[in-house]
1. Report those strands (runs of 3 or more DSSP E) wholly inside segment B:23-132 carrying at least 2 residues which are out of contact with any Asp or Glu (no Cβ under 6 Å at 6 or more places or on another chain) and farther than 25 Å from A:VAL44 by Cβ.
2. Give segment A:100-159 a look and list any residue that's touching a Pro at 6+ places or on another chain (Cβ under 8 Å), over 18 Å from A:ALA273 (Cα atoms) and in a helix (DSSP H, G or I), or say none.
3. Can you tell which of A:TYR235, A:TYR207 is within 23 Å of B:ALA93 (Cβ to Cβ), within 14 Å of another protein chain (Cβ to nearest Cβ) and under 22 Å from the mean Cα position of the chain (by Cα)?
4. Checking the structure you have, find out if any residue of segment A:39-59 is among the polar types (S, T, N, Q), surrounded by fewer than 24 Cβ atoms within 10 Å (Cβ to Cβ), in the same structural domain as A:GLY274 (by TED's automatic domain parsing) and within 19 Å of A:SER121 (Cβ to Cβ).
5. Just to be sure, is A:ALA106 over 15 Å from the mean Cα position of the chain (by Cα) and assigned by TED's automatic domain parsing to the domain that holds A:LEU82?
6. Could you list all residues from segment A:75-86 that are closer than 19 Å to A:THR112 by Cβ and either among the hydroxyl-bearing types (Ser, Thr, Tyr) or in contact (Cβ under 8 Å) with a residue 24 or more places away in the chain (or both)?
7. So which of A:GLY213, A:GLY197, A:GLY172 ends up being in a loop (DSSP other than H, G, I, E, B), at positive phi and under 17 Å from the mean Cα position of the chain (by Cα)?
Amino acid sequence: MNAMVKPELICPAGTPAALRSAVDAGADAVYCGYQNATNARNFVGLNFTPEEMEKSIRYAHDGGTKVLITLNTFPPAGKVELWKEMVDLSARLGADACIVADIAVAAYIRDTYPDLRIHLSVQAAASSPEAIEYYVREFGVKRVVLPRIMTVSEIRGLLKEIPCEVETFIFGNHGLMVEGRCSLTNYVTGQSTNMDGACSPAACVKYERADDGSMSTILGDYMIDRFGPEETAGYPTICKGRYKCDARDGGYYAFEEPISLNASTMLPDLINAGVHAFKIEGRQRSRAYVKKVVAAFREAVDSIMAGQEPKLADLVALTEGQKQTEGALKTKKWR
Amino acid sequence: MTSEPQSSRLGAGPGGFPFAPPLPLFLLNPILKRIVHRIAVQNPDMFDRLGPHRHAYFLIDPVDIPFMLYLRPDPEALDFRAVGRRNPPPHAARISGKFLDLLTLMDTEQDGDALFFSRDLIVTGDTEAVVCLRNALDDVDDPIAESVADMFGPPGRAALNALRRAAENAQKRKGAK
């Protein structure tokens, strides 16, 4: 049996304070982005100015932590300049890798900064050996972040066929980012997740409360969910909305339920499968979330690598809708 | 303007207001003014995260104390005062929750999204303004609650520690349900 490879713990940061929390809690790498459309979490009040990024990279590197910069949106045709500028900036600041989704951005890094690692974003939705081999061959991609649609067994098989590292999500928003779901927000808000970096921008979200204590979530001009007085709530995104349809009685979560991925019980299987990096979702979350989740998974991974039973902290209080799932990692029938 | 939030989860309950302070509001307001100015001086960069919402008025509603807090986080025209519950002043957004939950948010020990998911935090009005305020407060170096406690020396820090213990116990009780 091969010796187990210790996977890197890849942790989110939406602010410099969150980055410092992640570093201090034991992140191997932190991923974060700039305050513009190059970043798929382009929310107001979040993310890093160039000056903040420079200081944060210094802080992370001093703590032995890598910084991966998210340039993981798709430039509109003919408007790739902003993405190139952010690549130039990231290279100048000493980023350890750029996480990209678009082939024009990947090609620019390949041609201009051949030593800068390219990680393929989950937004590229590459999950077959053929797709991944294409990105490795053409752009020198070093790591692929897999969409949350694969079982551990499929990931194990994939790893045998591809010449690059694999990163899997282990905690956070259970948004599958496949089948064009990230385009749904465009129809309602006029802003694009994939090109503007804003899924359900807060300016388009309203919460309305009724006298009975129920709460409606309004996105743009549409009500996308209504929670009873004692019902837990979820994110205001179309893919987590509850809809009326002929085939079902009452409201129906047509895409996904408000629920979070928590793969803590799957960690030994994922490590045995040879996964190189574990990703925690949540750049839009607070530093309290970052501190608690990173510390919990740091302890769990370290325990497994030491041959001990993993210590799994109870993180359900931090999950969407206060519900969690192992998602497709465990079974394709996760709903 | 927003409607008055009501929730079966957030009512002050039959016991009234467990954190009711004995001070009349006009005595409280100079202290609040001092607090907000000190936080602003210590964290000048936090206002950048607010963007245009620095001019907005926020109504912060700790549902289990008998007054609300009225905040305008504008470094050029800071305003932070206690207001009565009967006639809430005009506001862009209202944030309601139990006092200890709001305190632990300011202490960076609680995640706002988690409180929202559990329906322990209610947001009405301009959601973007609230998100910006949350991000601005979350990015300060020292937790706001700690900075406020420090202003009052050892008694302030003792009070914060007592409140932290109360919050921890409340969390445990909630988790046990």
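The values are calculated or read from the model by the stated rules, or taken from the named source; none is laboratory data. From a predicted model like this one, the values you see are computed outputs, not experimental measurements. Every residue, glycine among them, receives a Cβ derived from its backbone with ideal geometry; neighbour counts consider all protein chains shown.
1. B:79-83
2. A:ALA104, A:VAL105, A:VAL122, A:GLU133, A:VAL136
3. A:TYR235
4. The answer is yes, given that some residue of segment A:39-59 is among the polar types (S, T, N, Q), surrounded by fewer than 24 Cβ atoms within 10 Å (Cβ to Cβ), in the same structural domain as A:GLY274 (by TED's automatic domain parsing) and within 19 Å of A:SER121 (Cβ to Cβ).
5. Yes, satisfied.
6. Answer for segment A:75-86, where residues must be closer than 19 Å to A:THR112 by Cβ and either among the hydroxyl-bearing types (Ser, Thr, Tyr) or in contact (Cβ under 8 Å) with a residue 24 or more places away in the chain (or both): A:PRO75, A:VAL80, A:LEU82, A:TRP83, A:LYS84, A:MET86.
7. Going through A:GLY213, A:GLY197, A:GLY172 in turn, the sole match is A:GLY197.
Conditions (1) β-branched (Val, Ile, Thr); (2) closer than 19 Å to A:GLY282 by Cβ; (3) within 19 Å of the chain's Cα centre (by Cα), marked per residue:
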| residue | (1), (2), (3) |
| --- | --- |
| A:LEU46 | no, yes, yes |
| A:LYS55 | no, no, no |
| A:TYR59 | no, no, no |
| A:ASP62 | no, no, no |
| A:ILE69 | yes, yes, yes |
| A:THR73 | yes, yes, yes |
| A:GLY78 | no, no, no |
| A:ASP88 | no, no, no |
